[in-house]
Each structure stands twice: as C-alpha cells, then as structure tokens.
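Student: Provided herewith is a single structure, encoded as structure tokens, for subsequent inquiry.
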Amino acid sequence: MNFYSTNNYSHRVSLKEAVLQGLAPDQGLYMPEQIIPLSKSFFDSISNFSFQDIGFKVASQLIGGDLPAAELERIVAHTIQFDAPLVEVDKNIYALELFHGPTLAFKDFGARFLSGLLGYFANQQDREIVILVATSGDTGSAVANGFYNVPRTKVVVLYPSGKVSDIQEKQFTTLGGNITALEVDGTFDDCQRLVKQAFLDLDLKNKYFLTSANSINIARLIPQSFYYFNAYAQIPDREMPLVFSVPSGNFGNLTAGILAKKMGLPIQKFIAATNLNKVVPEFFESKIFEPKSSISTISNAMDVGNPSNFFRMYDLYGNDFEALAKDVTSCYFRDDETKSAMLNVYNSCGYVMDPHGGIGFLGLKKHLKKNETGIFLETAHPAKFKDVVEESIHDEIRLPARLEEFMSGVKKSIKISAQFGDFKSLLPALIA
Ligand SMILES: *Cc1c(COP(=O)(O)O)cnc(C)c1O
C-alpha cells in the first residue's frame, strides 16, 4: 500500500517511509491510497473472532502487502495484549473501555503498533532507531511503555521539569532499559523545540537514525480502527443502527472510526464530542476551520486548539462538507455538564466515567435516537483523573494495580537545561 500526503496527492511513499517520516515533507498527513472494504462473510462471522484475529484481518486489508504476514501478525499480537470490553451503562448505551493497557489510556494501542512496526523496520537495517519524544505527559508514557524492550530501538523522552503529574512522570521515568527520561528545565514548548532542532541537525542526522513517535504518524492511527470492529463484534443486537460518540481532541480516534466505516463496518453515524475547545463543532456550524489557542478544561487530553487530524478526517470525504456532515454530527460540553454526567451515571448504575468518556456519553444523550445502539469511547481510566472524578461523584475510587506499581517505582531522570548544545552533547552517551 502506498500513502499520499493530504497536501499533495501525487506525493506517494511506501509504508516504511510514511512510518519513519511521520509528517510528509510538505507538512501534509499520510493517508492510504486505497481503502478496500472487508468481505461480507467477515462481518457475518465477526463474533467468532478474537480481538487479535480482528486486528490482524483489518491490518492485513490495509498493509498486508507491505510486510510478511507472520511479522504483521506478531505486531498485531504485541499491540493487542489487553481487552477493550463493551460495558452497558444505560438503555442502548455502552462504554467501550479502551483503558486496559499499561498506561491506562487508548494511546497504548497506537504506541504499541508503532513500536512494533518501527522495530521491524529497524531490524532491516544496520542502525538502531532512536525515537525522540517531547511530552506534556500522556504521549511520553504511552510511547515509553510501547517501546520498552523493543530490540534495536532507543527512546529519549523529554519532559518539562515539574510540569507533569506524578503519575505521568512515574510512567516514563521508572522503566529504565532502552528508555531514558530527560527532565528539561523549561516548558513543553522548549522540549518540542529541542526535538525539532535535533531533526534539523546534520551531525546528528548523519550519525543516528532519528525518528519521532508523533501522534500524526499513520502507524498510530491504523490500530485505532481495530477496536471499532471489535466493539461491533461484542454488540448483542447487530441489527440496530450503530452510533459511535468519540470524545475528541486531535481527532485521531474519530478518523480511525471513519476509516473503519470505509472498510465496511456498518456505522450509521459518528458524534464528534469536544470540551470547550470547540474548533470542530464550530466548523460544522460555519464551514470555516479556524484554529484557536487552547483553553484548560477537566478533560485536558482534549485541550487542543488546532486539531492535527482534522484534514485527515476531511480528506476521507474528499473535502466535501456535505458528505462529512452526513456521517458526523458535532457538539461540545462545559466542565459542569461533564461533572453532572459523571455523577448521574454513577448514581444510576454505579459506573465511573472519566471526564473524557463523560463527554462521549453526553454526545449520545444529546443525539442518540430511539432504536439506535450508542457506543461512547472511554478513552482513559478514571483513576488517571482521580481528583476531579472523586469530586464529581462524591465518592472515592481505587487506583488499579498497574498504577500502584508505577507509583512504587523509583524515578530515574537526567536533568538538562533547555539549551540545544547541552542536549546535543549529552545525546551520544544516552543512546550508546
Ligand atoms: C488523546 C486523548 C483524547 C483525544 O483523542 P484524539 O484522538 O486526539 O481526538 C481523548 N481522551 C484521552 C484520555 C486522551 O488521552
């Protein structure tokens, strides 16, 4: 399968190039040049397949020609090491729990698939791959855990000292092995600048095989389509029209759902639900895409003012507004609405939503019709947002064992200044 850039349809690259580059040289996003629906017999018998089987079928349909089947199967198995169960929380409304991975958020799926593919490409060449990742918290932990112990890869996580939560910091500073954490005396923007400068530095470029694990990498998007299929396989009544509500920030998750639909998954409608960072809901009103500065909310993984996957989503509809609007409805919710939803669901059935899932749930409450089945994506474990969840539901929640384990680990990081010279001179020792 070749991939084109959303900024230039005649710029085509292989899967390997698309994955190693992340972003196209023209700043466009890579998209598969063909999306072929899966067979009717696959959908008819889907409930007989395991999550891994489903992932392998979907991945093979997209990129099966780009690597040996046994390798792809191994990478899918490495990606899907945990379940994504469907839990009924209201009449015809289900939560799709995507938080059973090592860092308790759906980003584990994308990070693990990317690490599998990069590990495969690293084995084909004589140099190790060095992954540089700047993080404000969650991406660093998903990437570090996804690449932990993947042969011939080294990961350097740069994060702003004192500006990530304890839980987040423990998730990428306690692993060791092929993961190194750099604690930068500066802001997240400084971390990002250091990474960007490293990619432009000719000395480093000649010496090392540097790449990023950026969230716009097509390898992070592909596995996110797997769980839409797997959710469908779990629905008791597959005859009813199906609606997915996706709490969205950069719109990768929603784009992966649309990809699943284009591959034949019978999805009636998507609800693109956001917090007050409502650039996309506004686009659906005005047809004008106008990025803004982000504002802080309780669903902070969705505090995005310039959603990076927007053009990918639009591209899947040939940049035709009417076609997009036929499949996707958009809405946004305030923090107080999200908190009430968390409380109401907890009181009515004992289910604890996290603030992101809460927005997905509200999207269904607003738009789901009678006789439709609604599924909202529960993108993170509520314990990752313990304070705001406990305050909302007026009750205490327990940390899962996995988080407890991280919390008892010993933090190991290297403090550096925000000067590129310091970073550059330190790098060889880190990845030797
Ligand atoms: C990243 C993230 C989101 C937003 O997903 P996008 O694919 O960027 O729209 C939602 N919830 C949680 C918990 C996240 O970490």
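Student: I'm trying to understand the selection: among the residues of the stretch 183-212, which are in contact with a Lys or Arg (Cβ under 8 Å, 6 or more places away or on another chain) and more than 18 Å from Leu426 (Cα to Cα)?
Tutor: Thr187, Phe188
Student: OK, next. Could you say which residue among Lys292, Lys386, Lys370 is within 22 Å of the chain's Cα centre (by Cα), part of a loop (DSSP other than H, G, I, E, B), among the charged types (D, E, K, R) and modelled with pLDDT under 95? Walk me through it before giving the result.
Tutor: On the way: Lys386 fails: part of a loop (DSSP other than H, G, I, E, B); Lys370 fails: within 22 Å of the chain's Cα centre (by Cα).
Step by step, each of Lys292, Lys386, Lys370 is checked, and only Lys292 is within 22 Å of the chain's Cα centre (by Cα), part of a loop (DSSP other than H, G, I, E, B), among the charged types (D, E, K, R) and modelled with pLDDT under 95.
Student: Here's a check for you: in the stretch 394-424, which residue that is of a type in the set (S, T, N, Q) and more than 19 Å from Gln197 (Cα to Cα) is surrounded by the most Cβ atoms within 10 Å (Cβ to Cβ)? Write out each step before concluding.
Tutor: Quick first cut of the stretch 394-424, residues of a type in the set (S, T, N, Q) only: 408, 413, 417, 419.
Then drop every residue that is not more than 19 Å from Gln197 (Cα to Cα), which leaves 408, 413.
Working: Ser408: 9, Ser413: 17.
Only one residue fits best here, namely Ser413.
Student: Next question. Just name the residue that is farthest from Lys278 (Cα to Cα) out of those in the stretch 322-338 that are of a type in the set (Asp, Glu) and in contact (Cβ under 8 Å) with a residue 24 or more places away in the chain.
Tutor: Among residues in the stretch 322-338 that are of a type in the set (Asp, Glu) and in contact (Cβ under 8 Å) with a residue 24 or more places away in the chain, the one farthest from Lys278 (Cα to Cα) is Asp327.
Student: Follow-up question, since we're still on this one. Residue by residue through the stretch 68-123, note down the ones that are acidic (Asp, Glu) and either in a helix (DSSP H, G or I) or more than 20 Å from the chain's Cα centre (by Cα) (or both).
Tutor: Correct list: Glu71, Glu73, Glu88, Asp90, Asp108.
Student: Taking the stretch 179-221, which residues are away from the ligand (no atom under 16 Å from the Cβ), among the polar types (S, T, N, Q) and surrounded by fewer than 20 Cβ atoms within 10 Å (Cβ to Cβ)?
Tutor: Hits for the stretch 179-221 are Thr187, Gln192, Gln197, Asn206.
Student: Take the stretch 123-154 and flag every residue that is within 24 Å of Phe423 (Cα to Cα), away from the ligand (no atom under 16 Å from the Cβ) and touching a residue at least 60 places away in the same chain (Cβ under 8 Å).
Tutor: Arg127, Glu128, Ile129, Val130, Ile131, Leu132, Phe147, Lys154
Student: Looking at (1) of a type in the set (S, T, N, Q); (2) out of contact with any Phe, Trp or Tyr (no Cβ under 7 Å at 6 or more places or on another chain); (3) within 14 Å of the ligand (Cβ to nearest atom); (4) within 22 Å of Lys369 (Cβ to Cβ), find the lone condition where Gln268 falls short.
Tutor: (3)
Student: Could you give me the residue pairs with C-beta distances under 7 Å whose first residue belongs to the stretch 199-225 and is part of a helix (DSSP H, G or I), whose second residue is surrounded by fewer than 19 Cβ atoms within 10 Å (Cβ to Cβ) and at pLDDT 90 or above wherever it lies, and which are 6+ apart or on separate chains?
Tutor: Leu204/Lys424
Student: Considering the stretch 329-367 alone, what residues qualify as being among the polar types (S, T, N, Q) and part of a helix (DSSP H, G or I)?
Tutor: Once the filter is applied, which keeps residues that are among the polar types (S, T, N, Q) and part of a helix (DSSP H, G or I), the stretch 329-367 yields Thr338, Ser340, Asn344, Asn347, Ser348.
Student: Applying the selection to the stretch 393-422, what residues are within 16 Å of the ligand (Cβ to nearest atom) and farther than 27 Å from Gln224 by Cβ?
Tutor: Within the stretch 393-422, no residue meets the criteria.
Student: Is it the case, given these coordinates, that Ala59 is touching a helix residue (DSSP H, G or I) at 6+ places or on another chain (Cβ under 9 Å) and surrounded by fewer than 21 Cβ atoms within 10 Å (Cβ to Cβ)? Explain how you work it out, then say what you get.
Tutor: Numbers: touching a helix residue (DSSP H, G or I) at 6+ places or on another chain (Cβ under 9 Å): yes; surrounded by fewer than 21 Cβ atoms within 10 Å (Cβ to Cβ): no.
So Ala59 does not fit the description; no.
Student: While we're looking at this one, here's another question. Tell me, which residue of the stretch 389-432 that is among the hydroxyl-bearing types (Ser, Thr, Tyr) and part of a loop (DSSP other than H, G, I, E, B) is nearest to Val157 (Cα to Cα)?
Tutor: Ser413
Student: Another question, if that's okay. Gln81: closer than 26 Å to Leu377 by Cβ, surrounded by fewer than 17 Cβ atoms within 10 Å (Cβ to Cβ) and either in contact (Cβ under 8 Å) with a residue 24 or more places away in the chain or touching a strand residue (DSSP E or B) at 6+ places or on another chain (Cβ under 7 Å) (or both), yes or no? I'd like the intermediate steps shown before the answer.
Tutor: Working: closer than 26 Å to Leu377 by Cβ: yes; surrounded by fewer than 17 Cβ atoms within 10 Å (Cβ to Cβ): yes; either in contact (Cβ under 8 Å) with a residue 24 or more places away in the chain or touching a strand residue (DSSP E or B) at 6+ places or on another chain (Cβ under 7 Å) (or both): yes.
Taking the combined requirement at face value, the residue satisfies it.
The values are calculated or read from the model by the stated rules, or taken from the named source; none is laboratory data. On a predicted model such as this, the values are computed, not experimentally measured, just so you know. Every residue, glycine among them, receives a Cβ derived from its backbone with ideal geometry; neighbour counts consider all protein chains shown.
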